[in-house]
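Okay, structure first, notes after.
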Amino acid sequence: FLQKYTYSIILLKQLVKTDFKLRYQGSVLGYLWSLLRPLAIFLILYVVFVRFLGVGGGIPHFPVYLLLGIVLWNFFMEITTGSIASIVGKGDLLRKISFPKYVIVAAGTASAVINFLINLVVVAVFMIISGVDISRSALFFPLLILELLLLSSGIAFFLSAAYVKFRDIGYIWEVIVQGAFYATPILYPLDAPIPLSAQKILILNPVAQIIQDARHGL
């Protein structure tokens with residue numbers, strides 16, 4: 001029993017290392033893209049929605065508010081989207097070596113966690129520069145991250161298994177996450193000029209609830 005799980009952990013470590021090496025292979029900036037990608041997205045959205053459209057003017061430290069939402073959403077999207085073709089993509093490996101298939105999905109999740117932790121360092125720097133006052137409620141932040149991790153992992157396992165039988169899952173999920181991004185209060189506050197009935201529907205999204213609670217806590 002112990003030998004079985006020890007082997008899975010060793011394989012998990014190797015898959016995570018391989019994933020990181022292949023992800024940035026041939027890139028000039030390499031691992032820096034883990035930081036630059038969310039910052040680039042943040043900069044574009046900040047210029048368009050804040051500078052030009054004036055969104056979030058009444059929210060203190062709105063740049064940090066926006067960046068945290070983007071980082072949390074990217075974490076959710078990286079785990080779920082990256083998992084879809086993970087089992088199919090490792091088909092040759094599965095045929096050569098007998099090991100639990102969940103290790104493949106877990107490896108992608110572990111890589112996303114590492115990227116997320118790096119991005120949180122950037123958020124922390126922005127909070128310090130903006131002079132955000134940290135309260136006791138920040139102690140609940142790790143629990144919210146755990147909630148998001150469990151939610152994302154559950155969806156990831158379902159999508160990766162379904163994709164083995166139904167290749168349409170990849171296209172369907174791509175459409176869903178595109179729509180969910182704009183339906184989640186990331187670019188705009190939940191109490192924006194939106195009818196109360198619509199706000200109640202938006203907050204039914206568990207990712208929206210986690211992002212709102214994380215912002216409130218920090």
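In nanometres, what is the gap between the two model label sites at PHE181 and SER8, each 7 Å from Cα along Cα-to-Cβ?
It is 3.4 nm.
At 1.4 Å probe size, with the rest of the protein present, what percent of the exposed accessible area of segment 64-145 is carbon and sulfur atoms?
Reported share for carbon and sulfur atoms: 70 percent.
Compute the length gained on full extension between LYS17 and ILE59: take 0.36 nm times their separation in residues and subtract their Cα-Cα distance, giving the result in nm to one decimal.
So the extension gain works out to 11.1 nm.
If you roll a 1.4 angstrom probe over the protein chains with everything in place, what fraction of the accessible area of segment 164-218 belongs to carbon and sulfur, to the nearest %?
Carbon-and-sulfur percentage of accessible area, whole number: 68.
In Å², and per residue, what accessible area does the chain have when probed at 1.4 Å with the other protein chains present?
Result: 59 Å² of accessible area for each residue.
At R0 = 41 Å, how high is the FRET efficiency between LEU196 and ASP133 if r is their beta carbon distance? Nearest 0.05 is fine.
Result of the calculation: an efficiency of 0.90.
Using per-residue counts of other Cβ atoms within 10 Å, averaged over each peptide, order 137-144, 181-188, 208-215, 192-199 from highest down.
Sorting 137-144, 181-188, 208-215, 192-199 by mean packing, highest first, produces 208-215, 181-188, 137-144, 192-199.
Go through LEU144, ALA198, PHE116 and say which Cα lies farthest out towards the positive end of the charge dipole of the chain; charges sit on Cβ, +1 for Lys and Arg, -1 for Asp and Glu.
PHE116
Hull surface divided by four, with the convex hull built on the Cα atoms of segment 66-196: how many nm²?
10.1 nm²
Rounded to two decimal places and with Rh computed the Kirkwood way over Cα pairs, what is Rg over Rh for segment 37-93?
Rounded to two decimals, Rg over Rh is 1.23.
Per residue of the chain, what 222 nm ellipticity follows from adding -39500 (n - 2.57) for every DSSP H run with n ≥ 4, rounded to the nearest 500?
-23500 deg cm²/dmol
Tally Lys and Arg at +1 and Asp and Glu at -1 over the other residues with C-beta under 15 Å from the C-beta of LEU148: what net charge comes out?
Taking every Cβ under 15 Å from that of LEU148, the sum is -2.
Separation between the ILE97 and VAL50 pseudo-spin-labels, each 7 Å from Cα along Cα→Cβ, expressed in nm?
Spacing of the two 7 Å Cα→Cβ label points: 4.5 nm.
Beta carbons within 10 angstrom, averaged per residue: use that to sort the peptides 107-114, 87-94, 67-74, highest first.
67-74, 107-114, 87-94
The values are calculated or read from the model by the stated rules, or taken from the named source; none is laboratory data. Everything numeric in this text was worked out from a predicted model, so none of it was measured. Cβ: placed from backbone, ideal geometry, glycine included. Neighbour counts: every protein chain shown. Surface areas here come from the heavy atoms of the whole protein model, side chains and all, with no ligands, DNA or RNA. Shrake-Rupley method; radii C 1.70, N 1.55, O 1.52, S 1.80 Å.
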